[in-house]
1. Per 0.36 nm of contour for each residue apart, how much would the distance between residue 191 and residue 113 grow if the chain were fully extended, relative to their Cα-Cα spacing?
2. Which ordering of 96, 102, 48 is given by a fewest-first count of other beta-carbon atoms within 10 Å?
3. In segment 89-128, which residues have a backbone nitrogen under 18 Å from the label point lying 7 Å from residue 171's Cα in the Cα-to-Cβ direction?
4. With the Cα gyration tensor of segment 59-198 giving a ≥ b ≥ c as the square roots of its eigenvalues, does the rule (a/c under 1.5 for rounded; else a/b larger than b/c for prolate; else oblate) give rounded, prolate or oblate?
5. If a paramagnetic tag sat 7 Å from the Cα of residue 93 along the Cα-Cβ line, which residues of segment 62-76 would have the backbone N under 20 Å from that point?
6. Sorted from fewest to most neighbouring beta carbons within 10 Å, what does the list 99, 53, 128 look like?
7. Give, as ranges by residue number, the residues of segment 69-91 whose backbone N falls under 16 Å from the point 7 Å along Cα→Cβ of residue 184.
8. Where does each of 103, 73 land when they are ranked from fewest to most other beta-carbon atoms within 10 angstrom?
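Every number in this text was worked out from the coordinates using simple rules, so none of it is lab data. What you are looking at is a predicted structure, and each value in this text was computed from that prediction instead of being measured. Backbone-built Cβ (ideal geometry, glycine too); neighbour counts: all protein chains shown.
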Ligand SMILES: Nc1ncnc2c1ncn2[C@@H]1O[C@H](COP(=O)(O)OP(=O)(O)OP(=O)(O)O)[C@@H](O)[C@H]1O
Ligand SMILES: Nc1nc2c(c(=O)[nH]1)N=C(CO)CN2
C-alpha cells in the first residue's frame, strides 16, 4: 500500500521519530559512558544493585558491564568519621545525551532517598558520570571526565577490572593512574557480587 496517498495514515512528526530512536539504543548510534556508584548508608549492596537495575530500566540505556564490589575508606573526609563505602563501576551504552544521563542519575539518587547536605557527606547512593564517550568539558553542572575520578582509587580499581585498557580522557591510562594513587583503603569484596541485568 502506498501510505503517502492514504488519508487515514498520518505522517509521523520528526520529533516523535527522534523519541522512538532515543528509546532504543539499538536504533541509533549509542554512546559509551562510565558510571561510578557509591553507597555508605543503609543496605549498601542492595542499593548498588537497585541503582544498576534502575540504570538498565532507563529507556535508551543498556548496562554492558558491572565491576566487582569494593569496600572503601571514605575519601576526602576525616578518617573514621563515616561508615565505609561499597563502590562499583558500570559501563553503559546510551542514546541519552550527557545532560539527560546526569538527570537520570539524580533521579536514581532521589529514588534511594539520598540527602544532600554536607559536601562528601554520607549517602545512600551516589551516581557519578565518570566519562561520556571521549568528551572533555569543564561545565560545573557536568564536568567530563569527572574532575576527581583520576585521583580516586575507588573509581579506578573497579573500572580497571572491567576495562583494563581504558583511558580517562585528557588524564591518561586508568592502569597508570591507579598505580600512581595506589590501592590503600580499597578492598575487593570477592564474597559479594552485583548482577548484570539480563
Ligand atoms: N561528572 C559528573 N557527574 C556527576 N555530577 C557532576 C559531574 N560533574 C559535575 N557534577 C555536578 O556536581 C554536583 C554535585 O554532585 P554530588 O552531590 O554527587 O557531589 P559529590 O558526590 O558529593 O562529590 P564529588 O563531585 O566529588 O563526587 C551535581 O549536582 C552535578 O551537577
Ligand atoms: N570511598 C569513597 N569515598 C567517597 C565517595 C565514594 O563513593 N567512595 N564518594 C564521595 C563523593 O562522591 C566522597 N568520598
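1. Between residue 191 and residue 113, full extension yields an extra 25.4 nm.
2. By the 10 Å Cβ count, ascending: 102, 96, 48.
3. Answer for segment 89-128: 89-92, 102, 120, 126-128.
4. Since a/c stays below 1.5, the shape of segment 59-198 is classed as rounded.
5. Under cut-off, by backbone N: 62-67.
6. Final ranking by Cβ density, sparse to dense: 99, 53, 128.
7. Once the point is set 7 Å along Cα→Cβ of residue 184, 72-80 turn out to lie under 16 Å by backbone N, inside segment 69-91.
8. Listed from fewest to most nearby Cβ atoms, that is 103, 73.
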